[in-house]
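The values are calculated or read from the model by the stated rules, or taken from the named source; none is laboratory data. Just so it is clear, the structure is predicted and the values come from calculations on it, not from any experiment. Note that each Cβ is placed from the backbone with ideal geometry, even for glycine, and that neighbours are counted across all protein chains shown. Areas reflect the complete protein model, heavy atoms only, side chains present, ligands, DNA and RNA absent. Shrake-Rupley method; radii C 1.70, N 1.55, O 1.52, S 1.80 Å.
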Amino acid sequence: MISRRLLTASLLAAPAFALAAPPRIAVAGGGVAEMLCALGLEACLCGVDSTALHPARLRTLPQLGYQRALSAEGILSLRPDMLVHAHEAGPPQVLAQLRAAGLPLLGVPRIADAEGLIAAVTALGAALGVDPVPVATALAADFAALAAMLPQGAPPRALFLLSAGNGAPQASGRGTAAAAMFNLARIRNVVEGYEGYRPLSPEAALTLGADWLVAPQHSVEARGGAPAFLAQPQLALLPAARAGRLYTQDSLYLLGFGPRSAHAARDMAGALRGVTLPPLPERPWL
């Protein structure tokens, strides 16, 4: 049965509600969708947003559009019993419309570390009447193993980049998912002077001293592949670009902060250090 009380210590405050069992759940947020699947609730999902790329079969479900540009009419047309959404889902007026229409909303706050992810999984499972202990225990073990395997000493210095159309690439500063993933992988983010993303100039790039460039696959593909991405004027003169030191991964795997995050951090840490790290355990949600 679905719990009537939400664990607001870890999830955004929401009123008590009753749902059908099994419920129809609409999801906005790829990492949140992965958490629900790991908790065994995949069969309850009736619609997902465009960031829900894993497991791949989620792409066959009705689509809600992009999580930051949701439509109340589109969501309500699926007749869900609730919407579970990431912190960045919106816009706010659409969430307000859904509440006014009587749809229960369950929001997951921003996750920036292992503790936040485990707390979110635990609270989601408890709120939805699913035992979260097996998943939370496995995630805690994965993050503990990751921390133990990461080499000590000076960390690699990395610059995380997003493409923004045909303009200058956007460099990730503090307070971003990229910065949080660097922290998990014990990699130094070379941009520390601001929060969020800002356009990168060639002059600024040369002062950062990045050993590696990191970018999501969609940004690299939008530029026509790795050679074209590295040939951008803002990057072309960098030693990392001339050496082809570009690490790229699926954006959800790299930045989604879902149950695969320890594995994603392990993969990035090994690649940027040029070492083969011990494997983490195989998990059903991989």
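Computed with a 1.4 Å probe over protein heavy atoms only, the accessible area of residue 218 comes to about 100 Å². Here the stretch 9-164 exposes an accessible surface that is 60 percent carbon and sulfur, computed with a 1.4 Å probe and the other protein chains kept in place. Answer rounded, prolate or oblate for the stretch 219-264, using the Cα gyration tensor with square roots of eigenvalues a ≥ b ≥ c: rounded when a/c is under 1.5, else prolate when a/b is larger than b/c, else oblate. Note, shape of the stretch 219-264 comes out prolate. Counting only alpha carbon atoms, the long axis of helix 261-273 and the longest principal axis of the chain meet at about 0°. Ranked by solvent-accessible area (1.4 Å probe, protein heavy atoms only, all chains present), the residues 70, 76 order from largest to smallest as 76, 70.
One equal scatterer on each Cα of the stretch 53-197, no solvent, Debye formula: the resulting log10 I(q)/I(0) at q = 0.18 Å⁻¹ is -1.25.
The stretch 122-222 gives an Rg/Rh value of 1.10, both radii derived from C-alpha positions and Rh following Kirkwood. Against the compact-protein benchmark of 2.2 N^0.38 Å, the Cα-based radius of gyration of the stretch 26-92 scales to 0.97. Label sites at residue 204 and residue 96, each approximated as a point 7 angstrom past Cα along Cα to Cβ, lie 3.3 nm apart. Other residues with beta-carbon under 15 Å from the beta-carbon of residue 159 carry, at +1 per Lys or Arg and -1 per Asp or Glu, a net charge of +3. Accessible surface calculations at 1.4 Å, restricted to protein heavy atoms, place the chain at 43 Å² per residue. Could you give me D for the stretch 109-165, from Stokes-Einstein at 20 °C and 1.002 mPa s, where the hydrodynamic radius is the Kirkwood radius over C-alpha pairs? Units µm² s⁻¹, please. It diffuses with D of about 154 µm²/s by this estimate. Taking the inverse of the mean reciprocal distance over all distinct Cα pairs, the Kirkwood hydrodynamic radius of the chain comes to 19.9 Å.
The angle between the Cα long axis of helix 114-127 and the longest principal axis of the Cα atoms of the chain comes to about 10 degrees, rounded to the nearest 10. Summarising the overall dimensions of the stretch 131-286 from its C-alpha atoms, the Rg and Dmax are 15.9, 52 angstrom.
Note on the chain: with a GNM built from Cα contacts shorter than 10 Å, the maximum mean-square fluctuation among 221, 42, 34 falls on 221. Relative to one another, the C-alpha centroids of the stretch 167-202 and the stretch 216-286 are positioned 14 Å apart. Stretching the chain fully between residue 286 and residue 69 yields a gain of 75.3 nm (0.36 nm per residue, less the alpha carbon separation). Note on residue 71: accessible area is roughly 50 Å² with a 1.4 Å probe, heavy atoms of protein only.
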